[in-house]
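One structure is given below, encoded as structure tokens.
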Amino acid sequence: MHAADTPKSFQEIILRLQAYWASKGCAVLQPYDMEVGAGTFHPATTLRALGSQPWAAAYVQPSRRPTDGRYGENPNRLQHYYQYQVIIKPSPPDLQALYLGSLEAIGIDLALHDVRFVEDDWESPTLGAWGLGWEVWCDGMEVSQFTYFQQVGGHDCHPVSGELTYGLERLAMYVLGIDHVMDMPFNDPGAPIPLSYGDIFRQTEEEYSRHNFDHATTEMLLRHFEDAEAECARLLQAPEEDPKMHRRIVMAHPAYDQCIKASHFFNLLDARGVISVTERQAYIGRVRALAKMCADAFVTTPAATGEAA
Amino acid sequence: MPDLLIELFSEEIPARMQARAAEDLKKRVTDGLVEAGLTYAHAGAFATPRRLTLTLEGLLARSPDMREERKGPKVDAPEKAIEGFCRGAGVARADLEERDDKKGRVFFAVIEKPGRPAAEIVAEVLEDTIRNFPWPKSMRWGSGSLRWVRPLHRILCILMGDAGEAEVVPLDVDGIRAGDVTEGHRFMAPEPFSVTSFEDYTAKLKRAKVVLDANERAETIWNDATNAAFAAGMEVVADPGLLAEVAGLVEWPVVLMGQIDAAFLDLPPEVLQTSMKEHQKFFSVKNPKTGRIERFVTVANRETADHGRTILAGNQKVLAARLADAKFFWENDLRVARDDKMQPWLTQLENVTFHNKLGSQKTRIDRIAALAREIAPEVGADADLAEQAARVAKADLSSEMVYEFPELQGLMGRYYSDAAGLPAEVAAACEEHYAPLGPSDAVPTGPVSVAVALADKLDTLAGFWAIDEKPTGSKDPFALRRAALGVIRLVLENGLTLRLSHWIKRAFDPTSLQGVAADKRGTVEDWAEVAAPFLEVDWEPLAQVFHDALARHFDDRAALEDFFRERLKAMGARNADKWNKTVFVLVYFTIIERDTITAPDLLAFVHDRLKVYLKGEGIRHDVIDASLAMQGSDDITLLVKRARALQEVLETEDGENLVQGFKRANNILTQAEEKDGVEYSFGANPKLAETDAERALFAALEAADARIRPAMQAEDFPAAMAAMAEIRPALDAFFEAVQVNTDNDIVRRNRLNMLSQIRTTCLQVADLTRLDG
């Protein structure tokens, strides 16, 4: 790669990843329209990793981790950030090579850098999911998570999905040579109106940090958590046969939305510091129970089995 | 004789699993081959991040032919029996031979197993090895069902004949066909190539930028790192674990040395080292002039056109970000330590669960502090300091630095206690109370550290014993064996005289007794008085039940429960079956259970660990048993003194013979006592001695006793044992000349009384009857 190939902005890196994975046959999806803690929560990953049907998707997912808020002051910690997520089922034999191609596509010259696959097994206690893989290091920096899903929602994955997660800000800062995330050019610095990451997010980071740590109403969050939990179970208990349409319509996705909500409320409660260590495990267990119910439901639906409805 | 080369080429194998996997490959394949009759001369196993390799030299070309004859049923046996025999032997009915036997004519099956070519056997054994490989964790990938540590891409499996021709072993495991092809370095030489022998394989790999042998990679790394450091007037901090790990992360090691930004040089060296090692797998490089860690060594997996400049710059940047975090934690923590004396951390520990049945870290600290205070005088520590140290010893668990680097627990406590202006002994105890962590770890000697270390370990042991979470087999999730060994080494290496059984009982958590504080626990009678009205019985017989239960020394809970139920029923107690609903009875039950079941069981566990420890020190197990059988054996310093003295004397001829003489005396005496139904402990009268041998033994005994008494008083066991050993010649001469059981009853009894004296004398240091042989 030549210097001319180095991207100029955060968004160019995203666009290049989109173009690259589109060229490799992935459906380029849009972010899920809910608050999630990581790209894995998008139903395109969590649910689609289940069942027998082939799948290939790539998308940006805005992610929220309320406890990571630093009022926009920390050079690399944000309560709202972007993940780039690729999921392909069954995992192709050349997934590592495909992944390395994506690094070249965003301007990382593999002849000059030291890319390593270092053991890192992935587990999501809230999703009842785990897999084996690596964190990928570039010159000692973790640039991606590379996982072969083995289980989701308590179900064995068969076939196995290969999942790639790029922490976009960190990766982009590395490629662009930026030390503080807020200084990173979001669009082309030569554009008539150049915007930095800070122009767009410094204020929101500040506002949300204050909100997450000190002002989100905990009683309301607790109530919402319980509502979401109850709603999730209720939706899945509804008779499978829809009386209006006279066919089987299992509401796996709407139920899963409630699971996502419960998870986010839990994260906010955690940031508010009202969850003790012992309770923490109990809450995680409750969200996992929801994820498991949703997975149980999803695997019976056409998207998982491939049978016509 | 052919050679065999196997390579299993996969995506990156976790570094920590590689060495073991290479050994497992070797073991499984060679075991399988040998079992099938294929022996070999030499085997070698290797691992890199992407491959497991096995080379075998001097393999048999075929397994040997086998011929087996099996005797079957008689020719006139029922047809079913004959059919069954044919099935079992795998021969056709027509192929059976009839032969004469002692019992008549019987069938014989002759089973011929012709030898098979090596390739066939290798294919079977390798497939079986791949399918059943003992990875600590394995996975599936794609649409297949094969499991491997990460996706398996290639199987190289060739047999090389004497003429040098290489033959691919025909094998297909879930669509992966064996071949003679492998690949080089992922980035520097990715082209596949084929190989014809092990020498060809290693040479081509090296050309393709892969060093096959992990030891060679580690050596290269270590040499290059120390050379680079030396050139800069510095030295690399040795870390064999890290070296092995890093050697498992690269196929082509390239050492690069970089600078640590001056802004971070004031961090504690342990923090620099841990942060660099844990997060980045960097070696620390020390400047001997300043004593500080000023540089780092990172190991890249490739050469580059810019000689690693880009790679080093990247690593340096990542390190700076990491150390900025560490510095942030350090400064925040120091503020809490200096300004608030660590109090906020202690408050936080109220919400941290230690174990869900054993309460929070805070309640644990309260227990340890109380215990440390009590133990302090026994170990020469100031009680206030010991309690203070125990109270802050775990405070650093709430610090940001320890949250990030759990392995720095204790050490950070020391820094923060210093920062809080606490006494030096307290700061030292924060670090040292975890020690000793292993058999070779140093034992603290400062009295305050010793008090807290003992209290911490005793609390852990008693706690997990109380909730019945004892180690079983290879499982010891709470490291209780380590804790017990820690107690043993703390006591022995500090020469402490502690009554272990007392401290173990004391360590059992009073709060587990249904919330009854220790000082509220009165006598048996007090408890009986409170409990009696609930059972509608008189308190005196109830107190008797408690006393009896204590005296019975139950060794299991169910038996103790049954005892309670029966006795209460007999007393006509109301709800005799539901006695355990009566909290007061239950509390006392718990006390009895603790004193008669749990605490002795824990003491026995500590004794077991002591045996293991002393065996490691070369002390015979029967010597340990003989010493353990003595009164006061829960003072393990005393016990070990006894054991060492006994062991020492047993290594001399006099000692060994004394034991034989003692045993002979003891046998004669025991038999006589059993037969006569008396104990001959009246003391012997020298005037009744008939022979010179008897008189000499009297004199020897007297002389020995005069020396043994003061030696025992001074607990000088070697001197006591040496004095005993001197009885030996007189004792031998006595048995030579004298028949103990004579017809003269007075003389006989006198002799038996003398043997009894010998027994008493000889049993003072250890129970010699428990010695082998």
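The residues in segment A:86-119 that are more than 9 Å from chain B (Cβ to nearest Cβ) and under 12 Å from A:SER144 (Cα atoms) can be counted, and the count is 4.
Highlighted here are the strands (runs of 3 or more DSSP E) found entirely within segment B:1-80 that include at least 2 residues which are away from chain A (no Cβ under 14 Å) and at pLDDT 95 or above: B:3-10, B:42-48, B:51-57.
The numbered conditions (1) free of Cβ contacts under 8 Å to residues at least 60 places away in the same chain; (2) loosely packed, with under 12 Cβ neighbours inside 10 Å; (3) within 14 Å of chain A (Cβ to nearest Cβ) are all true for B:LEU146 except (2).
Okay, residues lined up against (1) away from chain B (no Cβ under 14 Å); (2) surrounded by 13 or more Cβ atoms within 10 Å (Cβ to Cβ); (3) more than 30 Å from B:GLN361 (Cα to Cα):
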position	(1), (2), (3)
A:PHE201	yes, yes, yes
A:MET220	yes, no, yes
A:PHE225	yes, yes, no
A:HIS253	yes, yes, yes
A:GLN258	yes, yes, yes
A:LEU269	yes, yes, no
A:VAL274	no, yes, no
A:ALA282	no, no, no
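Looking only at residues of segment A:40-70 that are outside any strand (DSSP E or B) and among the small types (Gly, Ala, Ser), we find that the one that is nearest to A:SER161 (Cα to Cα) is A:ALA49. Considering only residues that are at positive phi and either outside the structural domain of B:PRO268 (by TED's automatic domain parsing) or out of contact with any Leu (no Cβ under 7 Å at 6 or more places or on another chain) (or both), look in segment B:287-339 and name the one that is modelled with the lowest pLDDT. Only one residue tops the list, namely B:GLY291.
Residues that are hydroxyl-bearing (Ser, Thr, Tyr) and not in a helix (DSSP H, G or I) are absent from segment B:127-136 altogether. Could you please let me know if B:ILE176 is modelled with pLDDT of 95 or more, within 14 Å of chain A (Cβ to nearest Cβ), surrounded by 15 or more Cβ atoms within 10 Å (Cβ to Cβ) and touching a Leu at 6+ places or on another chain (Cβ under 8 Å)? Yes; evaluated as a whole, the condition is true for this residue.
The residues in segment B:253-271 that are in contact with a helix residue (DSSP H, G or I) (Cβ under 9 Å, 6 or more places away or on another chain) and under 24 Å from B:THR310 (Cβ atoms) can be counted, and the count is 11. A:ALA56 passes every criterion in (1) under 24 Å from A:GLU12 (Cα atoms); (2) within 14 Å of chain B (Cβ to nearest Cβ); (3) at pLDDT below 95 apart from (3). The set of residues in segment B:690-708 that are within 18 Å of B:ARG759 (Cβ to Cβ) and touching a residue at least 24 places away in the same chain (Cβ under 8 Å) comprises B:GLU694, B:LEU697, B:PHE698, B:ALA700, B:LEU701, B:ALA704, B:ASP705, B:ILE708.
Of all the criteria given as (1) within 14 Å of another protein chain (Cβ to nearest Cβ); (2) surrounded by 20 or more Cβ atoms within 10 Å (Cβ to Cβ), the one not satisfied by B:GLU191 is (2). Looking at segment A:155-171 only, could you name the residues that are in contact with a helix residue (DSSP H, G or I) (Cβ under 7 Å, 6 or more places away or on another chain), within 11 Å of chain B (Cβ to nearest Cβ) and among the charged types (D, E, K, R)? Residues satisfying the conditions do not exist here. In segment A:83-102, the residues that are without any contact (Cβ under 8 Å) to a residue 60 or more places away in the chain reach residues that are not acidic (Asp, Glu) with C-beta atoms within less than 8 angstrom, at least six apart or across chains, in these pairs: A:PRO93/B:GLY142; A:PRO93/B:PRO151; A:PRO93/B:HIS153; A:GLN96/A:PHE117; A:GLN96/A:PHE146; A:LEU100/A:LEU110; A:LEU100/A:VAL115. When residues in segment B:238-268 are screened for being part of a loop (DSSP other than H, G, I, E, B), surrounded by 19 or more Cβ atoms within 10 Å (Cβ to Cβ) and in contact with a strand residue (DSSP E or B) (Cβ under 8 Å, 6 or more places away or on another chain), 6 of them pass. For segment B:663-698, a residue qualifies if it is β-branched (Val, Ile, Thr) and outside any helix (DSSP H, G or I), and the qualifying residues are B:VAL678, B:THR691. Would you confirm whether or not segment A:184-196 contains a residue that is away from every other protein chain (no Cβ under 14 Å) and within 30 Å of A:PRO90 (Cα to Cα)? Checked against the condition, which is being away from every other protein chain (no Cβ under 14 Å) and within 30 Å of A:PRO90 (Cα to Cα), segment A:184-196 yields no hits at all.
Restrict the check to segment B:272-282 and report whether at least one residue is surrounded by 17 or more Cβ atoms within 10 Å (Cβ to Cβ), more than 13 Å from chain A (Cβ to nearest Cβ), of a type in the set (D, E, K, R) and over 30 Å from A:ARG280 (Cα atoms). No, that holds for no residue. Here is a check on your reading of the model: is A:GLY101 under 23 Å from A:SER161 (Cβ atoms) and outside any loop (DSSP other than H, G, I, E, B)? For A:GLY101, the condition - under 23 Å from A:SER161 (Cβ atoms) and outside any loop (DSSP other than H, G, I, E, B) - is met.
The residue pairs whose first member lies in segment A:229-251 and is more than 16 Å from A:LYS261 (Cα to Cα), whose second member is of a type in the set (Phe, Trp, Tyr) and not in a loop (DSSP other than H, G, I, E, B), and whose beta carbons are closer than 7 Å, counting only pairs six or more residues apart or on different chains, do not exist in this structure.
So which residues in segment B:288-307 are more than 8 Å from chain A (Cβ to nearest Cβ) and either under 40 Å from the mean Cα position of the chain (by Cα) or buried (at least 19 other Cβ atoms within 10 Å of the Cβ) (or both)?
Correct list: B:PRO288, B:THR290, B:GLY291, B:ARG292, B:ILE293, B:GLU294, B:ARG295, B:PHE296, B:VAL297, B:VAL299.
When B:GLU387 is tested against (1) touching a Pro at 6+ places or on another chain (Cβ under 8 Å); (2) assigned to a helix (DSSP H, G or I), exactly one condition is not met: (1). Go through the residues of segment B:288-300 one by one and say whether even a single one is touching a residue at least 60 places away in the same chain (Cβ under 8 Å) and of a type in the set (Lys, Arg). Within segment B:288-300 (the criterion being touching a residue at least 60 places away in the same chain (Cβ under 8 Å) and of a type in the set (Lys, Arg)), the answer is yes, since at least one residue qualifies. Consider segment A:130-154 and keep the residues that are away from every other protein chain (no Cβ under 13 Å) and modelled with pLDDT of 95 or more. The one that is surrounded by the most Cβ atoms within 10 Å (Cβ to Cβ) is A:VAL152.
Filtered by the rule that a residue be of a type in the set (Phe, Trp, Tyr) and free of Cβ contacts under 8 Å to residues at least 40 places away in the same chain, segment B:31-70 gives a lone residue, B:TYR40.
All of (1) assigned to a helix (DSSP H, G or I); (2) surrounded by 14 or more Cβ atoms within 10 Å (Cβ to Cβ); (3) free of Cβ contacts under 8 Å to residues at least 40 places away in the same chain hold for B:ILE221 with one exception: (3).
Between B:THR670, B:THR760, B:THR769, which is among the hydroxyl-bearing types (Ser, Thr, Tyr) and over 25 Å from B:THR637 (Cα atoms)?
B:THR670
The values are calculated or read from the model by the stated rules, or taken from the named source; none is laboratory data. From a predicted model like this one, the values you see are computed outputs, not experimental measurements. Note that each Cβ is placed from the backbone with ideal geometry, even for glycine, and that neighbours are counted across all protein chains shown.
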